[in-house]
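Below you'll find the structure, written out as structure tokens, and then a few comments.
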Amino acid sequence: MYTKDEIIEEAKKLGKMMSETEQVEFFKKAEEKIHENQEIREKMASLKSLQQQAVNFQNYGKERAYKMTEEKLAKIEQELDDMPLVDQFKESQAGVNELLQMVSHAISSTVTSEIIESTGGDLMQGETGAAIRNKPNRDPDQFK
């Protein structure tokens, strides 16, 4: 049996391993390039400011000003999306997220399989041994 603390310790080791993958290195480089780019930094600052304005306009019921701000936001977002550096950054984020999801799925499916197998269950049916042993008899005569 393992303790929660031991599992957390192993998870930290796995996290460190993951931080040293090609996907994470690509992400770090892409993020650095984003922060070094003056034009992107300015557009991001404009986005933040406009987002705050939009929230204020919406809260105070200033519908026309809100719509104009939303249009400006959409324009800046599109300009950012059209920049190759931003595209690289988004790709790198997707790679890291994919890695995290793969690891999460592997852990989840392994735990489920171990539970099923250790209880004498049926992996193909996805049932634990307890579920199989306590299944109601499916004999049609039982319901007469």
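The values are calculated or read from the model by the stated rules, or taken from the named source; none is laboratory data. Bear in mind the structure is a predicted one, so any value in this text is a computation, not a measurement. In this analysis, Cβ positions are derived from the backbone assuming ideal geometry, glycine residues included, and neighbour counts consider all displayed protein chains.
So the values come out like this:
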quantity	calculated
Condition broken by LYS90, with the remaining ones in (1) closer than 26 Å to ALA45 by Cβ; (2) not assigned by TED's automatic domain parsing to the domain that holds SER19 satisfied	(2)
Unique match (being modelled with pLDDT of 95 or more, under 30 Å from MET68 (Cα atoms) and acidic (Asp, Glu)) among GLU9, GLU20, GLU25, GLU42	GLU42
Those residues of the stretch 117-129 which are assigned to a helix (DSSP H, G or I) and surrounded by fewer than 12 Cβ atoms within 10 Å (Cβ to Cβ), in sequence order	SER118
Among the residues listed as PHE57, PHE26, the single one being assigned by TED's automatic domain parsing to the domain that holds SER108, surrounded by 10 or more Cβ atoms within 10 Å (Cβ to Cβ) and of a type in the set (A, V, I, L, M, F, W, C)	PHE26
Selection count where residues are touching a Ser or Thr at 6+ places or on another chain (Cβ under 9 Å) and either of a type in the set (Val, Ile, Thr) or free of Cβ contacts under 8 Å to residues at least 12 places away in the same chain (or both), scope the stretch 63-92	1
The stretch 93-116: number of residues that are under 11 Å from the mean Cα position of the chain (by Cα), loosely packed, with under 12 Cβ neighbours inside 10 Å and either over 18 Å from LYS16 (Cα atoms) or of a type outside the set (Ser, Thr, Tyr) (or both)	3
Residue match in the stretch 37-60 (condition: under 30 Å from MET18 (Cβ atoms), part of a helix (DSSP H, G or I) and not hydrophobic (A, V, I, L, M, F, W, C))	yes
